[in-house]
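Below is one structure; the comments refer to it alone.
The values are calculated or read from the model by the stated rules, or taken from the named source; none is laboratory data. What you see is a predicted model, and the numbers here were worked out from it, not measured in a lab. Cβ placement follows ideal geometry from the backbone for every residue including glycine, while neighbour counts extend to all protein chains displayed. Remember, those area values only see protein heavy atoms, side chains included, never the ligands or the DNA or RNA. Shrake-Rupley method; radii C 1.70, N 1.55, O 1.52, S 1.80 Å.
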Amino acid sequence: MITRDEVIAALDRVLDPELHRSIVALGMVGTVEVDGSRVVITIKLTVAGCPLKAEIQRRVSEAVAVLPGVEGVQVGLDTMTDEERAGVRDSIIGGPRKDSPFDADSPTKVILVASGKGGVGKSSVTCNLAVAMAEAGYSVGLLDADVYGYSVPRMMGADRQPVMMDDLIIPVESHGVRLMSIGFMTADDNPVIWRGPMLHKALTSFVTEVFWDDPDVLLVDLPPGTGDVSLSLAGLLPAAHVVVVTTPQLTAQRVARRAAAMADRVELPVVGVIENMSWFIAPDTGARYEVFAGGGGAALAADIGVPLLGQVPLQSDVARAGDEGLPVVAARPDSAAAKELRIIATKVAGAVGLARATG
Ligand SMILES: Nc1ncnc2c1ncn2[C@@H]1O[C@H](COP(=O)(O)OP(=O)(O)OP(=O)(O)O)[C@@H](O)[C@H]1O
Ligand SMILES: [Mg+2]
């Protein structure tokens with residue numbers, strides 16, 4: 001005979017997919033009735049219409065179905081009261097909110113990915129580093145700070161709005177990475193027009209009002225160029241490291257030098273350079289072609305006195321995977337670009353002093 005306590009113990013091992021806490025500890029378990037070999041459970045969702053309700057239901061019924069003596073599980077859904085939800089919010093934050101969860105005492109390594117020029121592949125590189133680090137076992141947040149030309153939601157295949165718990169924004173999780181982007185908040189293709197103070201306010205809320213939950217690493221996709229966003233973020237993320245992405249052309253390298261100068265001005269250390277589109281790999285033959293008069297990455301790295309962390313080939317797999325919403329490291333892990341991006345992720349982790357992944 002199965003007992004109610006055994007069911008509760010099994011449920012205690014079920015984690016909420018976005019809050020990463022036990023559903024029992026979160027108070028999401030409502031009624032549990034055991035009738036012979038049948039178990040009937042009610043789960044209280046934090047918000048009505050929770051986008052992950054099917055996943056939660058699946059986790060709950062799987063966890064209980066495997067218990068010896070159980071022949072049927074029925075999982076009903078209910079929604080928390082405002083009071084219960086406020087309790088969850090307080091319990092996951094655990095104490096008063098800090099001005100920035102990523103201050104100097106924070107355990108999280110923050111990495112700003114910058115470039116001088118647009119279109120060098122900064123967002124592609126950032127998304128791939130995020131997925132590679134998640135696959136390596138780190139807990140990873142990815143903040144899309146490109147409020148003008150956000151592309152992270154598309155590249156990561158995440159197109160739903162984040163769940164709000166009162167004033168707390170729960171990041172959208174995709175491919176094991178917790179994401180926040182202005183793209184979640186605006187209707188498709190609406191141009192976002194920002195004035196300085198609004199921009200600062202939006203970035204501040206992305207840093208302080210999102211339940212990042214102390215990830216091992218927070219990657220930040222900066223907009224191209226050097227501007228207001230970098231200045232705002234430097235204040236909000238005082239312990240951040242900067243990685244600069246460039247292409248091999250010398251013109252691009254000169255512009256990228258400005259991104260390093262910006263980092264200098266806000267006193268954030270540049271830890272390395274990533275060169276993207278370093279050579280072309282033909283999809284049919286796999287032959288390698290030097291498209292650009294090269295050396296930009298190495299020249300930039302030498303110029304600012306940091307290592308060249310790697311060179312990513314120009315390969316149609318990278319673009320295709322981005323369009324499919326699954327970065328190439330996960331979509332085509334054996335491609336040359338994916339292999340190089342995984343090596344770069346390891347080097348970036350080393351450069352910022354990330355401890356070996358335990359997750
Ligand atoms: N190594 C690569 N091989 C092939 N295509 C790539 C590669 N890197 C990026 N791309 C493609 O180039 C285009 C620009 O890349 P991406 O959007 O990542 O650049 P960005 O620097 O973030 O641009 P923006 O300045 O618009 O933010 C995209 O279509 C992307 O798929
Ligand atoms: Mg971009």
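Side notes on the structure shown:
- Taking 0.36 nm per residue of sequence separation and removing the Cα-Cα distance, the R58/R254 pair yields an extension gain of 65.3 nm.
- Computed magnitude of the charge dipole of the chain (debye, nearest 20; Cβ of K, R +1, Cβ of D, E -1): 1020
- Cα-projected label distance for T186 with S91, points at 7 Å along beta-carbon direction, nm: 3.8
- Neighbour-limited loop hits for GluC sites (Glu not before Pro), the stretch 188-290 (at most 16 other Cβ within 10 Å; DSSP other than H, G, I, E, B): E209, E267, E290
- Helix 53-65 vs. the chain, principal-axis angle (Cα, 0 to 90°, nearest 10): 60
- C-alpha long axis of helix 250-265 to longest principal axis of the chain, angle in °: 60
- Helix axis angle, 82-93 relative to the chain longest principal axis, alpha carbon, degrees: 50
- The gain in end-to-end length when the M198 to Q74 segment is fully stretched comes to 39.9 nm, 0.36 nm per residue minus the alpha carbon separation.
- Each residue of the stretch 239-244 was assigned a 3J(HN,Hα) from its phi angle through the Karplus curve 6.51 cos²θ - 1.76 cosθ + 1.60 (θ = phi - 60°); the sequence is 9, 6, 9, 10, 10, 10 Hz, with glycine and proline shown as x.
- Extension gain from L67 to V40, taking 0.36 nm per residue of separation minus the Cα-Cα distance: 8.3 nm
- Solvent-accessible surface (1.4 angstrom probe) belonging to K117, in square angstrom, nearest 10: 80
- Residues whose amide H lies under 5 Å from that of G30, counting only those 5 or more places away or on a different chain, are T42, I43, K44; hydrogens are built 1.01 Å from N in the peptide plane.
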